[in-house]
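Step one of this worksheet: look at the structure below.
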Amino acid sequence: MEMKAEQAVAWVEKANALMQSHKEYLTELDQAIGDGDHGLNMSRGFQEAELKVSATDYDTAADVFKDVATVLMSKIGGASGPLYGTAFLKMSMTLKGKDPVTEANLAEAVEAALNGMKQRGKAEQGEKTMIDVWHPVADFLRNGQNVQPGKLEETAEEAMNQTKDIMATKGRAAYLQERSKGHIDPGSTSSFYLFQALADVWKKGE
């Protein structure tokens with residue numbers, strides 16, 4: 001897939017649609033092991049991001065992601081805003097001057113986003129956070145073998161489901177210790193929706 005500005009905007013629009021339709025589910029997940037505001041935060045943040053990008057003319061995907069980063073950082077509360085904002089900012093920086101964005105470019109961008117979030121959130125894989133979805137997705141894209149949209153979605157979904165068996169050691173969920181097991185991580189779930197949206201845009205472009 002090659003990504004130009006219009007595909008980047010479509011990604012944000014599809015991600016927002018998924019955040020809106022799964023807002024209650026994200027809230028339920030977060031009520032079980034967090035502050036209970038993840039659904040509201042994600043729906044508000046991505047709605048504002050879509051309003052911004054759909055009303056603006058862009059030359060490149062990097063420009064789209066830069067605006068998305070700014071909106072998410074200012075509109076999403078809690079830990080998620082800075083983390084998602086960092087992800088899009090790092091993608092924007094990595095893709096600057098690259099138009100159209102190739103699959104190899106996208107792999108680099110997601111890797112940079114992952115590293116930025118790990119640094120910002122002081123988190124590693126296996127701690128029941130959104131990193132547990134971004135890490136395998138970054139690996140999948142970087143390997144570059146059989147990179148198909150369906151496989152991308154599958155990789156993200158599998159990683160999200162695996163967080164159910166992890167004991168949280170980061171964030172509010174860490175206070176629950178063993179009791180955090182048996183619950184899917186809300187941040188991993190919203191990250192899955194983000195990559196599900198990307199896979200959908202990808203399918204349309206095939």
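The values are calculated or read from the model by the stated rules, or taken from the named source; none is laboratory data. As the structure is a computational prediction, the values presented were derived from the model and not from experiment. Reconstructed Cβ throughout: ideal geometry from the backbone, glycine too, with neighbour counts over all protein chains shown. Heavy atoms of the whole protein, side chains included, go into the accessibility calculation; ligands, DNA and RNA do not. Shrake-Rupley method; radii C 1.70, N 1.55, O 1.52, S 1.80 Å.
Quick one: of Lys122/Lys181; Lys52/Lys122; Lys52/Lys90; Lys23/Lys181; Lys98/Lys204; Lys52/Lys128, which pairs are farther than 27 Å apart, Cα to Cα?
Lys52/Lys122; Lys52/Lys128
What is the extension gain from Glu124 to Ala104, computed as 0.36 nm multiplied by their sequence separation minus the C-alpha to C-alpha distance, in nm to one decimal?
Between Glu124 and Ala104, full extension yields 4.8 nm more.
Counting pairs of alpha carbon atoms under 8 Å apart in space and at least six apart in sequence, what relative contact order in percent does the range 61-142 give?
Rounded, it is 27 percent for the range 61-142.
Return the inverse of the average 1/r over all pairs of distinct C-alpha atoms in the chain, which is the Kirkwood hydrodynamic radius, in Å to one decimal.
Roughly 16.6 Å, rounded to one decimal.
Could you provide, to the nearest whole Å², the per residue accessible area of the chain with probe 1.4 Å?
Value for the chain: 45 Å² per residue.
Name the residue, out of Val147, Val137, Val68, whose mean-square fluctuation peaks in a Gaussian network model built on the chain with Cα pairs under 10 Å.
Residue with maximal mean-square fluctuation among Val147, Val137, Val68: Val147.
What distance in nm lies between label points placed 7 Å from Cα along the C-beta direction at Asp139 and Ala55?
4.2 nm
So which residue, out of Ala113, Ala104, Ala55, gets the largest mean-square fluctuation from a GNM of the chain using Cα contacts under 10 Å as springs?
Comparing Ala113, Ala104, Ala55 in the GNM, the peak value goes to Ala55.
With θ taken as phi - 60° and the coefficients 6.51, -1.76 and 1.60, list the Karplus ³J(HN,Hα) couplings across the range 68-75 in order, rounded to whole Hz; mark glycine and proline as x.
Rounded to whole hertz, the list is 4, 4, 4, 5, 5, 5, 8, 9.
Taking 0.36 nm per residue of separation and subtracting the Cα-Cα distance, what length does fully extending Glu2 through Lys151 add?
Fully extending the segment from Glu2 to Lys151 adds 51.9 nm.
Compute the distance from the alpha-carbon center of the range 137-162 to that of the range 106-128, in whole Å.
The distance from the Cα centre of the range 137-162 to that of the range 106-128 comes to 15 Å.
Arranged from highest to lowest average of other beta-carbon atoms within 10 Å per residue, in what order do the peptides 40-46, 9-15 appear?
Highest mean packing first, the order is 40-46, 9-15.
So what is the relative contact order for the chain, in percent, with contacts set as C-alpha pairs under 8 Å and at least six apart?
It rounds to 23 percent for the chain.
Residues with amide H under 5 Å of Lys4's amide H, sequence separation 5 or more or different chain, H placed in the peptide plane at 1.01 Å from N; which?
Amide H neighbours of Lys4: Val101.
Tell me the carbon and sulfur percent of the accessible area for the chain, rounded to whole percent, probe radius 1.4 Å.
46 percent
Which ³J(HN,Hα) values in Hz, rounded to whole numbers, follow from the phi angles of the range 101-115 under the Karplus curve 6.51 cos²θ - 1.76 cosθ + 1.60, where θ = phi - 60° and Gly and Pro get x?
7, 8, 4, 5, 4, 5, 4, 4, 5, 5, 4, 5, 4, 4, 4
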